[in-house]
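Structure record follows, encoded as structure tokens.
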Amino acid sequence: MSAAMNTHPTVLVAEDEPLMRERLLELLAQSWPEARVALVAENGNDAWDGFLEHEPDAVFLDIRMPGLSGLEVAERIGTMAHVVFVTAYDQYAVDAFDAGAVDYLLKPVQPDRLDKAVARLRDKLGERPAAAGADMGDLLRHLKAALPGVRQERTRWIKASVGRQVRLIDVDEVLFFQSDTRYTRIVLRDYEALIRTPLKDLISGLDPDRFWQIHRATVVNVNAVAAAERLDAERMQVLIKGCSEKLPVSRTFVHLFRE
Amino acid sequence: MLRRLVQWHREWEDEVHGVLVDPGHAAVAQSGMRRRLAAKLAALTPIERRQLREFSDAHRGPRGYWLLAKLLMLFSAGGVVWHLFVPAMGWAFAIGVANAVGITLLVGTLDAWFNYRKIVRDWRKFLRQMVGFWGVMVLVDAAFKVAVKGVPARVVFAALPSHLGWVLAVALLIWVPQLAVSLLRYRQYQVLAEQLQREAENERLARELAESQLRLLRAQIEPHFLFNTLGAVQQLAQHGDPRAATLTGDLIDFLRSSMRDIRSEQVGLAAEFGLVESYLKVMQVRLGTRLRFELRLPPALEQVRIPSMIVLTLVENAIKHGIEPALRGGGIDVSAEALGSVVRIRVQDGGVGMSILSGAGEGGTGLDNVRHRLRLTYGDGAGLALRDGDPGLIADVTIPRQQP
């Protein structure tokens with residue numbers, strides 16, 4: 001979080017409706033002129049991928065979005081950034097936010113309320129990041145139960161061309177997924193396949209308890225992990241069972257393998 | 001002694017009345033005969049119990065006994081008149097027989113009046129009992145005459161056929177009117193029962209309809225929809241974008257039609273498609289390029305009536321569970337088509353498809369509501385079918401072309 005002390009904090013905005021997105025960006029430019037918008041995402045998958053790429057200081061997340069919901073993105077972000085939810089949900093949800101450390105904005109966003117949120121964010125950016133989301137896990141679980149329609153359906157099968165065949169791949173048999181620009185490489189025990197869907201769009205269908213993202217470009221099946229090796233103070237790599245490839249773990253995800 | 005008897009009688013009366021009001025009280029009746037009677041009363045249908053209760057309300061206690069006394073005096077008076085016309089008959093005998101006949105008629109009438117269901121159902125048994133009883137009485141009388149009075153058997157046997165004939169006539173004379181009264185009462189009972197059932201059914205339907213409309217209203221004007229739309233209007237207006245006026249107009253159309261249609265049970269397809277169009281126009285401004293839509297309603301079907309807001313519910317489902325969760329959005333096609341004796345209304349979306357619906361509590365309720373209202377209106381003559389459109393979902397509503 002080097003940027004936290006920076007005079008130009010970076011911000012990520014995720015909102016699926018174009019006019020609401022436009023509005024939030026315009027109001028944000030007025031309320032927080034010194035902030036730099038690193039990325040504007042139109043769905044949860046892009047938001048998460050963009051977060052990993054830009055590592056912004058603050059994130060404005062719509063709750064109901066295609067792909068990963070705002071709640072799921074926030075869950076993945078954890079304490080890595082300050083999250084402000086943007087939602088049209090009613091008081092019940094708002095009460096839940098009040099109990100936690102994160103802020104919320106009701107749609108349509110009004111300038112004076114955004115000013116307050118920005119003021120709160122300015123204060124928080126000076127603090128240590130861990131303070132922001134101490135109760136996040138509980139809060140998110142509570143919210144997920146309270147809000148209908150933001151659950152994510154899991155993918156069970158993936159269609160992939162291998163040579164001249166179209167194979168139906170059982171997700172559980174995948175050792176790891178690796179992003180290859182606009183394609184995704186799927187590696188299994190006996191063969192591998194290349195599919196046209198980008199990794200960021202596959203992630204929303206994968207169970208986060210069974211498939212760990214260890215890098216912006218890599219998701220591994222926990223059952224296939226043989227070991228994780230420390231390379232130096234910050235870097236690690238993962239060894240996969242029955243496979244010679246070594247997969248790098250990015251700094252963001254090193255905590256997954258801490259004892 | 002007398003006081004205790006009166007007290008006992010009053011308690012018993014209250015007990016019977018209690019069972020007539022609520023059959024559950026039969027369980028606390030005193031054991032023995034009283035318990036058995038209470039159980040019998042509790043086994044009656046509600047209508048029968050109500051009739052008995054009304055009778056007992058009108059005649060129980062001293063009033064009932066006074067009425068009985070008056071009837072007995074009436075019978076006795078009849079006996080006196082009989083004696084005057086046929087002096088060969090002794091006073092006592094005439095009055096005794098008159099009372100016996102009167103009481104028999106009274107009991108028979110009361111029996112027919114309240115026990116009609118059994119009498120009509122088991123009429124053969126009642127006839128057999130009646131004829132059997134009187135036949136046995138004649139035979140006993142004949143045996144008595146031969147054995148005790150020493151009347152020659154020959155004489156008694158000679159008179160037997162005519163006695164039996166008389167007895168049969170008397171039995172029929174009692175049984176036929178009793179059956180007639182019972183039949184009449186039974187018919188009344190059936191009419192009443194049907195009427196009660198119809199009323200209960202109507203009440204249930206009205207309640208269900210009101211409930212489903214209320215649910216519809218709540219689902220319709222959900223804050224999520226309103227606030228997001230108003231936010232979009234605000235943003236457009238801030239920049240003087242002419243779409244602000246168009247979007248406001250569509251929102252007004254949508255709200256006005258919703259309010260109108262929520263109150264009416266059925267609307268024409270043209271009105272329903274109008275409502276759907278204003279909704280989709282609003283959503284298109286909000287979702288931008290992620291939503292495309294097309295509506296097709298043949299002019300011949302414009303006047304076909306349909307339970308209000310059913311198509312809208314399906315379109316909202318398609319938006320909420322098909323288009324909005326889809327990364328790249330998709331299209332929605334809404335069409336109506338006449339297929340033989342039915343009209344099929346199809347809502348097809350190019351969104352994420354069936355898998356999303358399986359676990360969606362919200363969507364389930366909307367679809368349940370559609371199914372429920374179709375059943376309320378058409379019975380089994382209409383239906384809602386969902387299938388995978390690959391991509392997206394196809395929802396087909398079929399209703400009979402001929403309206404009920």
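Among B:125, B:118, B:281, rank each residue by its count of other Cβ atoms within 10 Å, from fewest to most, as a rough exposure measure. Don't jump to the answer; show the numbers that get you there.
Values: B:125 11, B:118 15, B:281 18.
The most exposed by this proxy come first: B:125, B:118, B:281.
Relative to the compact-globule estimate of 2.2 N^0.38 Å, the Cα radius of gyration of segment B:176-215 comes out at 1.93.
Inter-chain neighbour count for A:41-53: the average number of beta-carbon atoms from partner chains within 10 Å of each residue's beta-carbon is 1. Think of the protein assembly as shown as having a plus end and a minus end, set by charges on the Cβ of Lys, Arg, Asp and Glu; of A:240, B:30, B:285, B:30 sits farthest toward the positive end of this dipole. Its residues counted as N, segment B:110-182 yields a C-alpha radius of gyration over 2.2 N^0.38 Å of 1.38. Note on segment B:98-139: percent of Cα-Cα distances in each 5 Å bin, starting at 0 and stopping at the bin with the largest distance, equals 6, 21, 20, 28, 18, 7, 1. Under conditions of 10 °C and 1.306 mPa s, segment B:214-344 yields 102 µm² s⁻¹ as its translational diffusion coefficient, taking Rh as the Kirkwood radius over Cα pairs in the Stokes-Einstein equation.
Per residue of peptide A:20-26, the mean number of Cβ atoms on other chains within 10 Å of the residue Cβ is 4.
Helix B:46-59 and the longest principal axis of the C-alpha atoms of chain B enclose an angle of approximately 50°.
May I ask you to work out the translational diffusion coefficient for segment A:153-259 at 37 °C, viscosity 0.692 mPa s, via Stokes-Einstein with Rh from the Kirkwood sum over Cα pairs, reported in whole µm²/s? Write out the running numbers ahead of the final one.
Numbers: Rh = 14.2 Å.
D = 231 µm²/s.
In plain terms, the C-alpha convex hull of the protein assembly as shown casts an average shadow of 54.8 nm² when viewed from every direction. With the biggest extent put first, the Cα atoms of chain B measure 123, 54, 38 Å across the principal axes. Here the mean projected area of the convex hull built on the C-alpha positions of segment A:17-78 is 4.0 nm². Pair-distance distribution of segment B:1-126: all C-alpha pairs, bin width 10 Å, starting at 0; shares per bin in whole percent are 12, 29, 31, 20, 8, 1.
Per residue of B:281-287, other chain Cβ atoms within 10 Å of the residue Cβ number 2 on average.
How do A:157, A:32, B:82 line up, fewest other C-beta atoms within 10 Å first? Display every interim value, and only then the final one.
Details: A:157 10, A:32 20, B:82 17.
Result, fewest neighbours first: A:157, B:82, A:32.
Taking 19 Å as the straight-line reach from the Cα of residue A:159, the aspartates and glutamates in range (excluding those fewer than 8 positions away in the same chain) are A:170, A:172, A:173, A:180, A:190, A:192, A:201, A:207, B:388, B:390.
Only Cα pairs under 8 Å and 6+ residues apart enter the sum, and on that basis the relative contact order of chain B stands at 9 percent.
Laboratory data are not the source of any read-out in this text; all were calculated from the coordinates shown. The structure presented is a predicted model; accordingly, all values stated were derived computationally and were not measured. Neighbour counts run over all protein chains shown; Cβ positions are idealised from the backbone, glycine included.
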